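Presented below is the structure to which this report refers.
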Amino acid sequence: MIDLKVYAQALVQKPGHLRLHPEYLGTRFRDDAWSCTQWQRIEDFHILLIVDAGFCEITYQQKQLRLGPGDAILLAPMANPDIAFSQQLHFHEIYFSVGTEQIQPALQHIRAAWELCPHLDEIAALHQRQDAQSLIGHQLAFVLSKFAYLLQEQESQTGLSIAQSNKIIQWTREHIYHQPNPNDIAALLDLTPDYCARVFRQSFGINPRDWLIKERMHEAARRLREGDDSIERIAEELGYTNPAHFSRQFKKVMHSTPSHWRTGK
């Protein structure tokens, strides 16, 4: 077991040992919802996955993560989490391996990882070339080094505690139809609104108002695919009196209109 930075150095030193899985490389899209208990992995590949639109939930060693747009997760081969993907999930991913070494910890998570996506797409393009093994190794080493840097920055920030973050997530899910706002989150944690907004952004990588919009749209997406209620009714129950405004925000978060999301187009 080695840490992420050492693994990245090994990629530069031994690019010929790098293996990629061609079926799980680059930008991908899942139209159907999918879930799995004790996710069985493919051989000894690590997985780096970055959510572009939609969401997925991962449970591992009693830790639950909900990944939304911009969130990234790195899984070592030894990690076999429970996982659930939403319908119409857009994401970037890469399955990779260098010898038998495994990265530790087995599960690592960062927020606001958008800047890594173009590099994964570039690796996918390079993989089509016969002479690009060294370039791929250096590019992936950069991605993993940047992931380690973002993780370090995230952990060093004086943001919310894990307990506080989990409290926000749980409370928001229970009160999503009560039109929660950033001041409600501040009151929940007994913090001033300005200070809450600052530490919230440090922990979630997004301001409270935009995060609440994302949560509303994720709930709307779930209802659109699982129920028969009209778009107008769902919008109204989530606090939107203007269906057009609801549709604009839904498309911004989910990269699809509500009607297309419902039909799976």
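Which entry in [x] 39, 20, 16; [y] 56, 20, 13; [z] 34, 22, 16 is this structure's computed semi-axes √(5λ) of the Cα gyration tensor in Å? For semi-axes √(5λ) of the Cα gyration tensor in Å, the calculated option is [z].
In terms of the mean number of neighbouring beta-carbon atoms within 10 Å, the peptides 214-221, 162-169, 129-136 order highest first as 214-221, 162-169, 129-136.
Looking at the square roots a ≥ b ≥ c of the eigenvalues of the Cα gyration tensor of the stretch 162-263, which shape do they give, rounded for a/c under 1.5, prolate if a/b is larger than b/c, or oblate? The shape class here is prolate. The GLU174 and ASP82 beta-carbon pair, evaluated with R₀ = 30 Å, returns a calculated FRET efficiency of approximately 0.90.
All other residues whose Cβ lies under 12 angstrom from that of TYR7 are scored, Lys and Arg at +1 and Asp and Glu at -1, for a net of 0. On the beta carbon distance between ILE2 and PHE142, with R0 = 22 Å, the FRET formula returns roughly 0.80.
Across the stretch 134-150, rounded Karplus estimates of 3J(HN,Hα) from the backbone phi angles (6.51 cos²θ - 1.76 cosθ + 1.60, θ = phi - 60°) give 5, 4, 4, x, 5, 5, 5, 4, 4, 4, 5, 5, 5, 4, 4, 5, 5 Hz, Gly and Pro being marked x. Entry note, the stretch 4-156: relative contact order of 33 percent, from Cα contacts under 8 Å with a spacing of 6+ residues. Scoring 110-117, 230-237 by mean Cβ neighbours within 10 Å over their residues and listing the highest first yields 110-117, 230-237.
Here, each number is a calculation from the coordinates, and none is a lab measurement. Given the structure is predicted, the values throughout are model-derived calculations rather than measurements. Backbone-built Cβ (ideal geometry, glycine too); neighbour counts: all protein chains shown.
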